[in-house]
Amino acid sequence: MKKKPWSGRFEKETDKLVEEFTASIPFDNRLYKQDIEGSIAHCSMLSKCNIIKKAEAKKIIEGLKEIQREIESGRFKFDISLEDIHMNIERRLIEKIGAVGGKLHTARSRNDQVALDIRLYLRDEVNEIIKLIGALKKSIVKKAKKNIGVIIPGYTHLQMAQPVLFSHHLLAYYDMFERDEERFTDVLKRVNIMPLGSAALSGTNYPIDRRYVAKLLGFADITTNSMDAVGDRDFSLEFLSASAILMMHLSRLSEELILWSTSEFGFIELDDSFCTGSSIMPQKKNPDVPELVRGKTGRIYGNLISLLTVMKSLPLAYNKDMQEDKEPVFDTVDTVKASLSIYSKMLDTMQLKRDRLKKMVEQGFMTATDMADYLAIKGIPFRDAHEVVGKVVSYCIKNNKLLSELTLSELQKFSVKFKKDIFDFINVEKSVNRKDVIGGTSKRQVLKRISEIEEQL
Ligand code: ARG
């Protein structure tokens, strides 16, 4: 067991169990890069403000860079008795360059240090996630453009409702992911604020230059209250919350892909390379990827609730409870990145079953609303037209017919307003293309939306 950096006032050694229980090094070692980056900036500032000597700063910075190389080449030994990444690096620095290494922690506490590290970490990762959302959006538009003519059943209450373009359906997700992208961009605004200089909770006795550190690290601003700065994890919560909403969107899309690839729906075929088989049923081809994305949504919600709960009763300022912020954030970063990456690839390789869809869109009386509109255009109040068409549908069900299979004389028994042109009016493709309002499913509108998007990209 190594001597603790804070052992001065202690007469006994830490219990082994306590050491293991309180350590964060098993998971926060992944902050090593940010920790070193932050320490280098802090050290440069200490020297610029004449708090430490230039030569000392140089030694410290060189030592830190070497430590980074040690970690990256796997030579660094993380020590659980040194609790966390901050003390592991600091102790190694002193080992390497001697007592002068101990000057690095001047005007700093682990409380503002860890806040800085997570902000640096999240800044990098959120930018990565924004890029991955961009790639997914591109896959969506590409797929929508390629299949522009294909009509699928649109559902409400999971009952066939009205025919829509497949591309229109897919572009609904484009809009969702665009909002996600905006949310993550907004999260960055609160992440990108520099807390160092708050020290333990009250600020520091040294004449430091916080703005200089912010400038070195590319932060847009610095925090304005030291107690808030060390006690705040709102930015992580916002990240978790944006992630939860993003995963909810991916989960909804997953649910649709799973349904669409059943023999009952049969709208799509996921590529073999994205499915798995069953160890007992030879015929099975399972949509494991969308299922797992849907499943993983649960743990992302859990991560959000977990950190919200950690934070809910904490008095100011830093409390050890806050060490529990890291695992939910790391797990979310990993899960979101993996889900987004696999999704783009899966969409690229997914195929539509066009013949089957052609048959499906004739089912379900999906142009019944168009039929009612037809009568309404001919002067029948819409409510009455609705009633008439309801009876037509009921007649079809009893006689096992599609709307398009009725004869004109059958229709005229329900209303004399039906003329020959009704058949053209309830044609599925015509029905789709008549939804020619901004945001509607007509081919013209969807193509307009696609070119709008392409211009933005
Ligand atoms: N490992 C700690 C964490 O992740 C670092 C801050 C510890 N501060 C302290 N005063 N014990 O939160």
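Values computed for the structure shown
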quantity	calculated
S73 vs. criteria away from the ligand (no atom under 15 Å from the Cβ) and polar (S, T, N, Q)	yes
So A229, is it touching a residue at least 40 places away in the same chain (Cβ under 8 Å), of a type in the set (A, V, I, L, M, F, W, C) and assigned to a loop (DSSP other than H, G, I, E, B)	no
Residue pairs meeting the criteria (Cβ under 7 Å; at least 6 apart or on separate chains; first buried (at least 17 other Cβ atoms within 10 Å of the Cβ), in the stretch 194-216; second among the aromatic types (F, W, Y))	M194/F219; L201/Y318
Members of the stretch 53-79 that are without any contact (Cβ under 8 Å) to a residue 12 or more places away in the chain and among the aliphatic types (A, V, I, L, M)	A55
The one condition in (1) modelled with pLDDT under 95; (2) assigned to a helix (DSSP H, G or I) that S278 fails to fulfil	(2)
Residue in the stretch 35-52 that is outside any helix (DSSP H, G or I), free of Cβ contacts under 8 Å to residues at least 60 places away in the same chain and more than 16 Å from I118 (Cα to Cα) present	yes
Residues that are at pLDDT below 95 and either touching a strand residue (DSSP E or B) at 6+ places or on another chain (Cβ under 8 Å) or β-branched (V, I, T) (or both), drawn from the stretch 1-41	T14
Residue list for the stretch 326-339, filter: among the aliphatic types (A, V, I, L, M) and either more than 22 Å from F21 (Cα to Cα) or more than 16 Å from the ligand (Cβ to nearest atom) (or both)	V333, V336, A338
Residues of the stretch 21-63 that turn out to be surrounded by fewer than 20 Cβ atoms within 10 Å (Cβ to Cβ), within 16 Å of the ligand (Cβ to nearest atom), of a type outside the set (A, V, I, L, M, F, W, C) and farther than 22 Å from R75 by Cα, as a count	1
Residue match in the stretch 5-16 (condition: hydrophobic (A, V, I, L, M, F, W, C) and part of a loop (DSSP other than H, G, I, E, B))	yes
Subset of the stretch 70-103 (residues that are crowded, with 17+ Cβ neighbours inside 10 Å and among the basic types (K, R))	R91, R92, K103
Within the stretch 304-325, considering residues that are away from the ligand (no atom under 16 Å from the Cβ) and under 21 Å from L116 (Cα atoms), the one surrounded by the fewest Cβ atoms within 10 Å (Cβ to Cβ)	L308
Single condition L347 does not satisfy, out of (1) within 25 Å of F27 (Cβ to Cβ); (2) of a type in the set (A, V, I, L, M); (3) away from the ligand (no atom under 16 Å from the Cβ)	(1)
Any chance K358 is surrounded by fewer than 15 Cβ atoms within 10 Å (Cβ to Cβ), part of a helix (DSSP H, G or I) and away from the ligand (no atom under 16 Å from the Cβ)	yes
Test: K448 is over 18 Å from A368 (Cα atoms) and under 47 Å from the mean Cα position of the chain (by Cα)	yes
Residues being assigned to a loop (DSSP other than H, G, I, E, B), crowded, with 17+ Cβ neighbours inside 10 Å and either aliphatic (A, V, I, L, M) or modelled with pLDDT under 95 (or both) - total across the stretch 373-423	2
Residue in the stretch 326-340 that is of a type in the set (K, R), under 30 Å from V289 (Cβ atoms) and buried (at least 17 other Cβ atoms within 10 Å of the Cβ) present	yes
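The values are calculated or read from the model by the stated rules, or taken from the named source; none is laboratory data. These numbers were taken from a predicted model, which means no experiment stands behind them. Positions of Cβ are backbone-derived with ideal geometry, glycine not excepted, and every protein chain shown enters the neighbour counts.
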